[in-house]
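A short write-up of the structure that comes next.
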Amino acid sequence: MYQFTLTVAKMVVRLFGKVEVKNKHLLPKNEGYIVTCTHRGWLEIVILGICVPRSIHYMAKKELFENKFIGSFLQKINAFPVDRENPSPSSIKIPVKLLKSGEVVGIFPSGTRAAENAPLKRGAVTISNLSKAPIVPALYVGPRTLKELRKMKKATIIFGEPIYINTTSKDELAAHTELLNEQTILLENQIEK
């Protein structure tokens, strides 16, 4: 179902708009990794899926799975639920297992769609540290809805250098969360040039 949905999404996006991908060569080829991205609308989820050459397993808020139809569809396209208010051990175990088996996990570290920059949560850094899989920061700039895309607005995804984390210190985890935030700001500056 993931590949079918991705194929349909590619056709729709190419029909209505243009997608530019920068620094795709930075994506690891022979290991699992976390791709983190800004989250201000739903369209970046689709376009990120189009731009990453491997299937992405997205962490999604558990509320999206409450509707049986939507929940079933999300599971078929590799999404798995996370309780953001009361994270359980499975919130960590599922992505760590996926990463150790060489899969790609998509996380939106701000934890929510936000018009303004929301502070990053530490989940991506914690999962990276436990799995020893790198984090690849990504930034999406462009239309937030299909209507905006239809106006031929260009969508841009830019990837940053992979970040490897190996620590037992909570302070270092916090520092890596700040580093991830700084990398996102650097990506914004690269797009503006």
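Summary of values
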read-out	value
Under 12 Å, Cβ to Cβ, from G32 - net charge with Lys/Arg +1 and Asp/Glu -1	+3
Residue (of I107, I165, C51) at the positive-pole extreme of the chain, dipole from beta-carbon charges	C51
Full-stretch length increase - K154, S55 - with 0.36 nm per residue and alpha-carbon distance subtracted	33.3 nm
Value in Å of the Kirkwood radius, where region 1-47 supplies the Cα pairs that are averaged	12.8 Å
Volume in Å³ per residue [convex hull over Cα atoms, computed for region 1-152]	117 Å³
Highest to lowest packing among 72-78, 47-53, 10-16, scored as the average C-beta count within 10 Å	47-53, 72-78, 10-16
Mean-position separation - Cα centroids, region 65-89 and region 139-193, in angstrom	24 Å
Longest exposed-site-free window of the chain, the sites being GluC sites (Glu not before Pro) in a DSSP loop that have at most 12 other C-beta atoms within 10 Å	117-193
Approximate spin-label separation R84-M1, in nm, with each point projected 7 Å along Cα-to-Cβ	2.3 nm
Size of electric dipole in region 2-192: Cβ of Lys, Arg +1 and of Asp, Glu -1, about Cα centre, debye, nearest 20	840 debye
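Only the coordinates and a few stated rules stand behind these numbers; no lab work does. These numbers were taken from a predicted model, which means no experiment stands behind them. All Cβ positions, even for glycine, are placed from backbone atoms using ideal geometry, and neighbour counts span all protein chains on display.
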